[in-house]
Structures are given as structure tokens and as C-alpha cells.
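**Student:** The structure under discussion is supplied below as C-alpha cells; questions concerning it will follow.
The values are calculated or read from the model by the stated rules, or taken from the named source; none is laboratory data. The shown structure was predicted, so the numbers you read here are calculated from the model rather than taken from an experiment. Don't worry about glycine lacking a Cβ; one is built from the backbone with ideal geometry, like all the others, and counts go over all protein chains shown.
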Amino acid sequence: MTQAVRTGARAPATDRFTLARLLRAREAGVFIALLVMCLFLSFATDGFLTSLNLLNVGRQVSLLGIMAVGMTFVLIAGEVDLSVGSTYAFSGLATGMLIIAGWALLPAICVGLLTGVVIGLVNGVLSTYGRLPSLIATLGMLSIVRGAALILTNGQPVTVNARNGALPDVLQSFGFMGQGYLFSVIPMQLVFFVLVAGLAWLVLSFSNFGFRVYAVGGSAKAARVSGISVNKVKISAFVLMGVLAAFAGILGLAFLPSSQAGRTGLGLELDVIAATIVGGASLSGGEGTILGTILGVLIIGVMRNGLVLMGVSPFVQELMIGLVIIVAVGIDKWSTRRTG
Amino acid sequence: MTDTQPPAPIVDISGLTKRFPGVLALDRISVAFRPGEVHAVIGENGAGKSTLMNILAGDLQPDGGEIRIDGRLATIASPLASRAAGITVVYQELALCPTLSIAENIMMSDMAARSVVSLVPRDEMRREARAALTRLGMGTLDPDTKVSRLSVAEMQLVEIAGAIRQRARVLVLDEPNSALSKRESDRLFEIVKQLRADGVTVIYVSHHLKEVLDLADRITVMRDGRTIETMDNSGLSEDRLIRAMVGRELDTAAQWSLQPQARSHEAPVVLSVEKLAAPGLDAVSFHARAGEILGIGGLPDSGKDMLGEALFGLCGRQGRVTIDGKELRGGDPQASIRNGMALVPADRRGAGALLTMSVANNVVSASLPRFSMAGFMRRAAVRREARAQVARLDARISHLGQKLGTLSGGNQQKIILGRSLVTNPRVLVLHEPTRGVDVGAKAEIYAILRGIAGEGVAVVMISSEIPELIMNAERVLVLRNGRISGELTGAGINEEAILARAMAS
Ligand SMILES: Nc1ncnc2c1ncn2[C@@H]1O[C@H](COP(=O)(O)OP(=O)(O)OP(=O)(O)O)[C@@H](O)[C@H]1O
Ligand SMILES: [Mg+2]
């Protein structure tokens with residue numbers, strides 16, 4: 001047979017030009033945007049391109065990043081989770097209260113993570129067997145979990161310190177998790193983020209489970225008739241999200257050892273979803289990568305950092321973040337529509 | 001008559017009933033499928049064929065009756081259970097994941113059968129996928145291509161490739177080749193025969209009676225949700241099958257012997273295309289005159305599958321497309337509609353249809369201005385038009401408010417065709433216009449197309465079905481490798497000539 005010309009299915013002529021291939025990758029647009037931003041800030045400010053500041057940015061984005069990793073799974077599976085800000089607050093508070101009650105660190109953290117598992121499970125079951133759209137189910141859970149946190153703490157702030165009853169050695173390890181540095185330079189939060197993202201990347205790109213997440217989000221029908229249990233995969237994604245939100249909440253409390261149910265993590269879900277979407281995940285499911293999400297998180301982090309360094313007012317910062325979301329996602333959609 | 005007992009059935013269905021709101025899709029049907037036979041199931045659009053297949057697939061649950069597999073009573077509670085019983089299904093409405101690659105789709109059920117904590121065997125996936133594609137003669141398709149970029153024909157091949165590599169005991173093919181050209185279909189039939197020799201039961205749903213007669217060992221006819229009869233395939237004719245399907249004599253001879261009349265040599269050129277280039281198309285130029293039915297043929301990889309979308313402006317393009325001398329902007333379907341072009345796409349579930357909206361709304365959805373006043377829909381006019389189109393195309397629906405997605409495949413096709421007729425187009429572009437449509441309705445549709453051509457519309461018929469081109473077109477362009485490789489007119493239009501121009505290298 002002759003070498004046929006395919007309708008749209010033409011294979012890349014050659015795989016040798018790795019640069020060209022990189023540019024074709026889904027993440028290329030976000031990566032270039034990030035690069036441009038970094039270049040601009042290096043010239044526009046003195047403080048940006050220092051290792052200290054860069055590590056600082058890394059720490060600042062870590063908690064957002066850990067949650068965005070979870071959100072990547074949920075969005076790829078074709079769902080969304082609005083309850084993560086509340087979970088962040090609730091799990092942190094639960095762990096904090098146990099520490100104050102004199103618990104050892106590991107059990108306290110495990111219970112905190114377990115609350116995340118339960119919330120994720122409820123979200124998942126409601127959105128699958130319960131037949132609720134996840135937008136509705138998790139919107140309900142956003143309020144329910146926040147309410148539960150308020151009831152649990154009676155609306156009072158929870159402060160983790162020795163005076164309130166925390167054991168000294170627990171307090172020290174807990175503080176190290178949130179405020180410490182690995183080899184005295186790398187913030188521990190960043191270490192956790194890198195670990196979580198690395199593991200998630202392995203799971204999503206190389207494991208059978210990751211494959212199923214993509215399949216379920218790309219076409220639930222195709223997945224179902226192939227014998228994939230769509231509900232189980234979706235519930236697992238929600239549970240993973242719950243655990244990571246809980247973990248971020250616990251780290252958050254470890255960094256800033258005082259938390260209040262009415263304030264902590266308010267509106268955080270929107271930042272998380274924004275970072276994930278900027279990173280190329282699609283709200284309609286089936287698309288997204290951990291690498292993209294990391295870039296999305298970095299864009300938002302670098303943006304915040306740069307605006308502070310340039311002395312822009314916090315009000316304008318908020319506005320700029322909104323613009324970045326729209327422009328970044330817009331560029332992505334436009335470029336794919338042109339070629340697709 | 002027979003001195004040997006027929007073998008015990010592998011799948012034995014009796015009294016099976018399925019009810020949907022407003023329709024009894026299956027009414028106590030009984031049919032037995034034997035091991036190692038090719039068993040065709042035929043019937044008009046909406047007869048209940050796909051419903052039966054979806055029950056076998058575990059995708060629908062029956063309301064009554066029983067299914068025996070190997071003599072034992074079975075409930076097929078889920079697709080997983082169906083697969084465990086050795087049944088594999090190629091669905092009429094494709095079940096592929098558009099965001100994944102060809103290889104990932106072909107291997108999806110393999111992945112589902114493996115442990116969740118295993119690794120994704122990328123290389124093995126690619127290798128297996130390539131082997132499965134090669135078996136279907138599509139070895140040049142890159143397994144890493146995303147399915148969303150494929151044509152409907154290629155998607156069908158991917159779906160078939162995934163199914164045949166599963167070594168099922170029962171393979172269900174629900175109109176598997178409705179978008180394939182003869183070459184791919186023939187290859188599929190070779191494989192079916194091979195599978196039969198290996199003892200696989202193949203259940204084959206089709207509207208192509210000639211293929212059915214060539215291929216099947218036994219044929220079951222369904223009508224209005226019932227099984228009418230099961231016949232051994234010996235000494236049967238197409239007419240005999242049609243009579244069983246429609247339950248009365250159908251004067252097919254008169255309808256099918258119609259020949260295209262050349263009447264438009266002198267008519268003005270309506271559509272003119274100059275150096276049209278798009279993905280898979282390479283500088284194609286042609287024109288169509290008023291009152292002409294222009295056929296376009298070619299293999300799936302010839303570029304013909306992109307032509308409809310490129311003309312209509314659904315994808316990016318270069319070159320000039322004009323209607324009555326007015327140039328159409330690329331990438332702007334709105335402008336195409338405004339200037340009198342209508343498209344019936346091959347992919348009726350994608351670009352084609354509003355599946356969750358009613359039949360009535362679908363019929364008028366491309367001509368809203370005409371059916372609204374001061375921003376409100378003129379409901380009476382909408383219903384009148386919808387009723388007229390449904391009657392004209394003989395579509396089987398339960399009521400005008402029925403959601404399009406719940407119609408049988410062939411009936412969806414008729415409604416989408418109706419929608420494009422309502423726009424009163426100057427140029428009507430049809431891509432696989434009778435995909436999944438039954439014999440009787442096909443003849444109707446051809447008559448309608450001739451009728452509107454007679455009113456001065458230029459009809460461009462892109463089709464993989466060569467007989468369809470021969471019967472209707474007075475001029476046929478054949479595409480190969482994205483270019484026009486030949487033009488045939490009048491008596492020069494025949495199967496050999498078209499194939500020769502489609503395949504020569
Ligand atoms: N989900 C559904 N809801 C309501 N009605 C349905 C649904 N699915 C199928 N039907 C109806 O059941 C009947 C049988 O449909 P089915 O798809 O089995 O027909 P078919 O024989 O496969 O036709 P075709 O040749 O057009 O594919 C049709 O009247 C159809 O409208
Ligand atoms: Mg059908």
C-alpha cells in the first residue's frame with residue numbers, strides 16, 4: 001500500500017526534534033507564560049531572582065499545590081470538588097484539637113487525614129450512587145463541613161501551643177512539619193508538595209488506576225462498557241482529594257498554629273480549581289496532567305510574589321489574578337482550536 | 001429434513017421484553033444463537049435490534065423474559081458480567097473515549113481486566129493496537145493518535161479492532177460498517193468468516209441485505225419489537241427479506257431501478273470550490289451546478305471524510321468556497337448557513353445533533369429565525385414543520401417531544417436530514433446520508449434528494465457506499481490522498497471505475 005495521507009491522524013513526521021515536541025505538548029503554553037513572567041520579574045525587580053525568594057515562592061504555593069494535585073484527579077475524572085476549603089479547615093482543626101488534648105503527633109494526624117477520607121467518601125458516593133451532580137453535592141458539603149467545624153470548635157479559635165496543653169515534643173515535631181527546613185534551606189512544606197506531586201505523577205501517568213481516571217472522565221460510557229467501574233474510580237478520586245485537602249489543612253496549621261473555623265481556608269476551593277484549570281485540566285473531564293497543574297500553581301504563586309515585590313496593592317493583586325486565569329485558559333483554548 | 005440435531009444454542013432468549021417510556025421496544029421476543037454461526041438480525045429502523053444487543057451487552061436490563069447462556073439461566077447485570085460470559089459488543093453508537101489515543105481505546109477492556117495497581121504497559125499497548133489495526137488493514141494509523149481527531153470511519157475501525165482482539169465466544173456487531181467503504185467492509189467480513197471457523201458466534205445487525213445474504217448462516221427478522229421469523233440462509237432473496245421486514249409488499253423494483261437523469265449540464269454553477277486545503281485535503285477544486293447530484297467517493301483515508309466539514313466551515317481551511325459567487329468565510333458555519341449551505345454530517349452524535357432536545361426542536365434548530373417571532377419560538381409552526389418532516393421521512397417516533405437521543409440510530413439520521421431540508425438550502429452537503437437507514441427509508445430519502453435537486457438545489461453526496469453514488473449521482477468525483485483522482489459521468493459511473501480511481505497508486 002502507498003503511504004496514505006490520513007485525515008487529521010498524521011503521525012508527527014519525526015520524533016527527533018525534541019524541542020519541537022516539547023512545544024507541541026499540552027503544557028507548552030503554560031510553561032512559556034511562566035517563563036515570560038519570570039523573565040519580566042527578574043528585570044523589573046531586584047528581589048525576585050534570588051534563591052531565597054524562589055524557595056519562598058515554593059513554600060507559599062505548596063499547600064495550594066498539594067490540593068491542586070488532588071483536584072487534578074477529580075477534574076480529569078470529570079467531576080469537581082467545591083468542599084476542599086472547608087475540608088482544609090476542618091481537618092486542621094480536628095488535628096489541632098487532638099494535639100491540644102495531649103495526643104501524640106502521629107495518631108492526631110491520622111485522625112485528621114481520616115476526616116478527609118470520610119468527607120471525600122461522602123462527596124464521591126453522593127456524586128455517583130446518589131446521582132447528584134458533583135457541583136451540587138460538594139457545594140452542599142462545603143457548607144456542611146464548614147458548619148461542622150464551627151460546631152466542633154464552638155466558633156472559637158484553636159491555637160496549638162504548650163499553654164493549651166500540647167506536649168512539648170509533639171509541638172516541636174509539628175512545628176517542624178510546617179515551619180522547618182530540610183538541610184536548613186528547603187522549606188518542609190515544599191518537600192511535602194514535591195513528594196505528593198511526584199507520587200501523583202507516577203500514579204496518573206504510569207498506573208492502571210491513572211489510566212482509569214482518564215478513561216472515566218473522557219467517556220463514562222466507553223469506560224463502563226469496557227468493564228471499568230466508573231463509580232469506584234470517581235469515588236477514589238474524591239477520597240484522594242479529601243485526604244490531600246486534609247493534609248494541606250494539617251500542614252497549614254503546623255505553619256500558622258492558630259486557626260478559626262469561620263475564617264481558615266475560606267474561598268480556597270476557587271484558588272485550587274483556578275490553578276488546576278490554568279494548568280490545562282478540563283472542566284469537562286478527560287484532560288489534565290500533574291506537570292500542567294504544577295505549572296498552573298507556580299503561575300499563580302509567581303504572580304502573587306511578583307506583585308508583592310513590585311509593591312502593587314493587594315486589591316489590584318486580586319484583580320490581576322483573575323485576569324491571569326482568564327488569559328491563560330483563553331490562550332490555551334484558542335491555540336487548541338486553531339490547530340484542532 | 002435434517003438428520004442431525006442442530007447444536008444446542010450458546011445464547012437462548014425467550015419472552016424477552018423491554019419497555020421505554022411510551023414504547024414497547026421489545027415485545028416477548030425469542031431467538032436462539034448457536035455456536036459458530038453468523039446470525040444476522042435485520043429489521044426496519046426502530047424495530048428493536050439495538051435494544052436487544054444492548055441487553056446482551058449488559059448495558060440495558062430487560063423488564064421480562066429470560067436469557068440462557070450455555071443452557072443456564074443468566075442475568076447480564078453489567079457490561080462486566082457480559083464480558084465475563086464471553087460476549088463482546090461493537091455498539092451502533094460508538095463507545096470510544098475521544099480524549100484517549102487509539103491504542104488506549106483498543107486496550108481499554110484489557111486494562112479494566114488487570115489490577116488497578118499494575119503499571120500501564122505502554123509498549124505492549126502500542127504493539128497490540130498496531131497488530132489489531134493491521135489485521136483490519138489499517139496498519140498505517142498511528143496508535144498514539146487521539147481518537148477525537150479521527151473520522152467516523154476510522155473510529156468504527158478502532159472500535160472493531162478493539163472487539164476482535166478480545167477472543168470473545170459471542171461477538172455482537174451492531175451496524176459495524178455503516179461508515180466504512182467496501183474495502184474495509186470486505187476485510188471485516190474475512191475476519192468474521194475466520195472467527196466463525198474458530199467457533200465464535202457472530203451476531204450481525206445490518207441494513208445491507210446483500211451483505212447479510214453473503215455472510216449469514218441464519219437470519220432473524222424483527223419488526224415492531226417482535227421477532228418475526230428466523231430463516232436458514234439458503235435460497236433467500238433480498239425481496240424475501242424486505243417482505244418479512246416491512247410485513248407487506250414493497251415495490252422496491254420501481255424505486256431501486258431509478259436512474260439519475262442528466263438534466264443539469266446547462267444549469268448555472270452554484271457551488272464552486274477552488275484549491276480547498278484542510279487536514280487531509282490537498283488543493284481540491286470542483287463545482288456543482290443547480291439541480292445536480294454530485295457524488296464524492298473514496299477510501300476512508302482519501303480525505304473525503306473531511307470534505308463536508310471543510311466546506312461547511314467546521315474546521316480550518318484554505319482556498320475559496322463560493323455559493324452563487326459569494327465567498328464563504330472559513331471556520332464560520334453560521335455564514336455557511338446564511339448563504340444557503342446545509343450539512344448532514346456523518347457523526348450524528350457529535351456535530352450533528354442536540355441529543356437531549358426534542359425531535360421538534362431538532363428539526364427547526366438550523367432555521368430558528370424563521371420559527372421565532374420577537375424572540376419567542378412559534379410553537380405551533382415548529383410542531384407543524386416537525387410533523388411534516390417526520391411524515392415525509394417516515395421516522396418512527398413516539399411523539400414530537402421525544403428526546404432525539406432516545407430514537408433508534410436510523411431514525412436519528414432521518415431527523416437530522418429533515419433539519420437540513422427545513423433550511424431550504426441552495427447547496428446541500430450530505431456525508432453518509434443513509435448511514436444506518438433501513439431499505440425502505442433509503443429509497444424514500446433518495447427520492448427526496450432527487451426531488452430537491454429537481455427544484456434547483458445542488459446536492460453534494462459524500463458516501464462510502466458505491467451503489468448509493470451510482471444510483472443517485474450524475475457525476476462522481478473520486479478522492480485519493482487528499483486530491484481528486486478522477487471524475488466520472490453518466491454511463492462511466494460504475495463500481496470498477498470508482499474503485500480503480502480510489503485505489504490506484
Ligand atoms: N433510551 C430510550 N428511551 C426511549 N425510547 C427508546 C430508548 N432507546 C430506544 N428507544 C426506542 O426503542 C425502539 C427500538 O429502538 P432500537 O434502537 O432498538 O431500534 P433499532 O432496531 O436498532 O433501529 P435502527 O436500525 O434505526 O438502529 C425505538 O422506537 C426507540 O425510539
Ligand atoms: Mg440500532
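**Student:** I'd like to know if the range B:172-184 contains one or more residues that are of a type outside the set (S, T, N, Q), at pLDDT 90 or above, away from ligand 2 (no atom under 16 Å from the Cβ) and at negative phi.
**Tutor:** no
**Student:** Can you pull out the residues in the range B:185-210 that are within 16 Å of ligand 2 (Cβ to nearest atom) and of a type outside the set (A, V, I, L, M, F, W, C)?
**Tutor:** Correct list: B:TYR204, B:SER206, B:HIS207, B:HIS208.
**Student:** Out of curiosity, is B:VAL460 within 16 Å of ligand 2 (Cβ to nearest atom) and more than 14 Å from every other protein chain (Cβ to nearest Cβ)?
**Tutor:** So B:VAL460 fails the test.
**Student:** Just to be sure, is B:PRO98 within 14 Å of ligand 1 (Cβ to nearest atom), under 28 Å from the mean Cα position of the chain (by Cα) and farther than 29 Å from B:LEU209 by Cα?
**Tutor:** No; evaluated as a whole, the condition is false for this residue.
Let's see how each residue does on (1) among the aliphatic types (A, V, I, L, M); (2) at pLDDT 90 or above; (3) within 18 Å of the chain's Cα centre (by Cα):
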| position | (1), (2), (3) |
| --- | --- |
| A:PHE209 | no, yes, no |
| A:ARG212 | no, yes, no |
| A:SER219 | no, no, no |
| A:ARG224 | no, no, no |
| A:LYS232 | no, yes, no |
| A:ALA245 | yes, yes, yes |
| A:LEU266 | yes, no, yes |
| A:ALA275 | yes, yes, yes |
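**Student:** Restricting to the range B:415-439, name every residue that is among the charged types (D, E, K, R) and modelled with pLDDT of 85 or more.
**Tutor:** Across the range B:415-439, the qualifying residues are B:ARG419, B:ARG426, B:GLU432.
**Student:** Could you say which residue among B:GLY436, B:GLY405, B:GLY409 is within 16 Å of ligand 2 (Cβ to nearest atom) and within 14 Å of chain A (Cβ to nearest Cβ)?
**Tutor:** Matching residue, one of B:GLY436, B:GLY405, B:GLY409: B:GLY405.
**Student:** Also, quick follow-up: Please give the number of the condition B:ILE397 fails out of (1) within 16 Å of ligand 2 (Cβ to nearest atom); (2) assigned to a helix (DSSP H, G or I); (3) over 20 Å from B:GLY454 (Cβ atoms).
**Tutor:** Just one mismatch for B:ILE397, condition (2).
**Student:** One residue is enough: does the range B:97-108 have a residue meeting the conditions surrounded by fewer than 19 Cβ atoms within 10 Å (Cβ to Cβ) and outside any strand (DSSP E or B)?
**Tutor:** yes
**Student:** Return a yes/no flag: does the range A:187-206 have any residue that is loosely packed, with under 15 Cβ neighbours inside 10 Å and either more than 14 Å from every other protein chain (Cβ to nearest Cβ) or outside any helix (DSSP H, G or I) (or both).
**Tutor:** Within the range A:187-206, one or more residues are loosely packed, with under 15 Cβ neighbours inside 10 Å and either more than 14 Å from every other protein chain (Cβ to nearest Cβ) or outside any helix (DSSP H, G or I) (or both).
**Student:** Return the total of residues in the range B:80-93 being at the interface with chain A (Cβ under 9 Å from one of its Cβ atoms) and crowded, with 24+ Cβ neighbours inside 10 Å.
**Tutor:** Matching residues across the range B:80-93 total 2.
**Student:** Something else now. Suppose we filter B:GLN412, B:GLN389, B:GLN402 for residues that are modelled with pLDDT of 85 or more and over 20 Å from B:LYS49 (Cβ atoms); which single one remains?
**Tutor:** After applying the criteria, what remains is B:GLN389.
**Student:** Pick from B:ARG392, B:ARG419: which is surrounded by fewer than 18 Cβ atoms within 10 Å (Cβ to Cβ), away from ligand 2 (no atom under 14 Å from the Cβ), part of a helix (DSSP H, G or I) and not hydrophobic (A, V, I, L, M, F, W, C)?
**Tutor:** B:ARG392
**Student:** Within the range B:171-187, count every residue that is under 20 Å from B:GLY297 (Cα atoms), within 14 Å of chain A (Cβ to nearest Cβ) and within 16 Å of ligand 1 (Cβ to nearest atom).
**Tutor:** The qualifying residues number 1.
**Student:** For the condition crowded, with 24+ Cβ neighbours inside 10 Å and away from every other protein chain (no Cβ under 14 Å), what is the one hit in A:GLY280, A:GLY296?
**Tutor:** Every option except A:GLY296 fails the conditions.
**Student:** Pull out all pairs, ordered by first then second residue, where Cβ-Cβ is under 7 Å, the residues are six or more apart or on different chains, the first lies in the range B:33-60 and is within 17 Å of B:LEU171 (Cβ to Cβ) and modelled with pLDDT of 90 or more, and the second is small (Gly, Ala, Ser) and near ligand 1 (Cβ under 7 Å from one of its atoms).
**Tutor:** B:LYS49/B:GLY43; B:SER50/B:SER408; B:SER50/B:GLY409
**Student:** Still on this structure: Among the residues of the range B:163-170, is there at least one that is more than 21 Å from B:ALA40 (Cβ to Cβ), out of contact with any helix residue (DSSP H, G or I) (no Cβ under 7 Å at 6 or more places or on another chain) and basic (Lys, Arg)?
**Tutor:** yes
**Student:** Just to check your reading of the model, which residue among B:THR140, B:THR145 is on the phi < 0 side of the Ramachandran plot, surrounded by 19 or more Cβ atoms within 10 Å (Cβ to Cβ), of a type in the set (S, T, N, Q) and facing chain A (nearest Cβ under 7 Å)?
**Tutor:** B:THR145
**Student:** Ok, one more. Would you mind finding the one in A:LEU240, A:LEU251, A:LEU268 that is within 14 Å of chain B (Cβ to nearest Cβ) and under 25 Å from A:LEU98 (Cα atoms)?
**Tutor:** So the residue among A:LEU240, A:LEU251, A:LEU268 that is within 14 Å of chain B (Cβ to nearest Cβ) and under 25 Å from A:LEU98 (Cα atoms) is A:LEU240.
**Student:** Is there a residue being of a type in the set (Asp, Glu), at pLDDT below 85, assigned to a loop (DSSP other than H, G, I, E, B) and in the same structural domain as B:SER272 (by TED's automatic domain parsing) anywhere in the range B:317-328?
**Tutor:** The answer is no; no qualifying residue exists.
**Student:** Does B:SER118 satisfy the condition of being closer than 18 Å to A:GLY210 by Cβ and buried (at least 19 other Cβ atoms within 10 Å of the Cβ)?
**Tutor:** When the stated conditions are applied, B:SER118 does not pass them.
**Student:** Return the residue satisfying two criteria in turn: it lies in the range B:473-496 and is over 21 Å from B:GLU432 (Cβ atoms) and of a type in the set (Gly, Ala, Ser), and of such residues it is surrounded by the fewest Cβ atoms within 10 Å (Cβ to Cβ).
**Tutor:** Checking each candidate, the answer is B:ALA491.
**Student:** I've got another one for you. Looking at the range B:108-135, which of its residues are touching a residue at least 40 places away in the same chain (Cβ under 8 Å) and more than 9 Å from chain A (Cβ to nearest Cβ)?
**Tutor:** The one that is touching a residue at least 40 places away in the same chain (Cβ under 8 Å) and more than 9 Å from chain A (Cβ to nearest Cβ): B:ARG135.
**Student:** Considering B:LEU430, B:LEU479, B:LEU488, which residue is over 21 Å from the mean Cα position of the chain (by Cα) and in a strand (DSSP E or B)?
**Tutor:** B:LEU488
**Student:** Let me ask something additional. Here is a list of conditions, (1) aliphatic (A, V, I, L, M); (2) within 30 Å of A:ILE326 (Cβ to Cβ); (3) buried (at least 21 other Cβ atoms within 10 Å of the Cβ), and A:ILE235 meets all of them except one; can you say which number that is?
**Tutor:** Failing condition for A:ILE235: (2).
A quick yes/no check of all residues on (1) within 14 Å of another protein chain (Cβ to nearest Cβ); (2) buried (at least 23 other Cβ atoms within 10 Å of the Cβ):
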{"residue": "B:VAL273", "(1), (2)": "no, no"}
{"residue": "B:PRO279", "(1), (2)": "yes, no"}
{"residue": "B:ALA283", "(1), (2)": "yes, no"}
{"residue": "B:MET306", "(1), (2)": "yes, yes"}
{"residue": "B:GLN318", "(1), (2)": "yes, no"}
{"residue": "B:ASP324", "(1), (2)": "no, no"}
{"residue": "B:GLY330", "(1), (2)": "yes, no"}
{"residue": "B:GLN334", "(1), (2)": "no, no"}
{"residue": "B:ASN339", "(1), (2)": "no, no"}
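**Student:** Within the range B:29-83, track down each residue that is of a type in the set (A, V, I, L, M, F, W, C), out of contact with any strand residue (DSSP E or B) (no Cβ under 7 Å at 6 or more places or on another chain) and either within 12 Å of ligand 1 (Cβ to nearest atom) or not in a loop (DSSP other than H, G, I, E, B) (or both).
**Tutor:** B:LEU80, B:ALA81
The rows are residues; the columns are (1) hydroxyl-bearing (Ser, Thr, Tyr); (2) touching a residue at least 24 places away in the same chain (Cβ under 8 Å).
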residue: B:SER336; (1), (2): yes, yes
residue: B:ALA342; (1), (2): no, yes
residue: B:MET377; (1), (2): no, no
residue: B:LEU393; (1), (2): no, yes
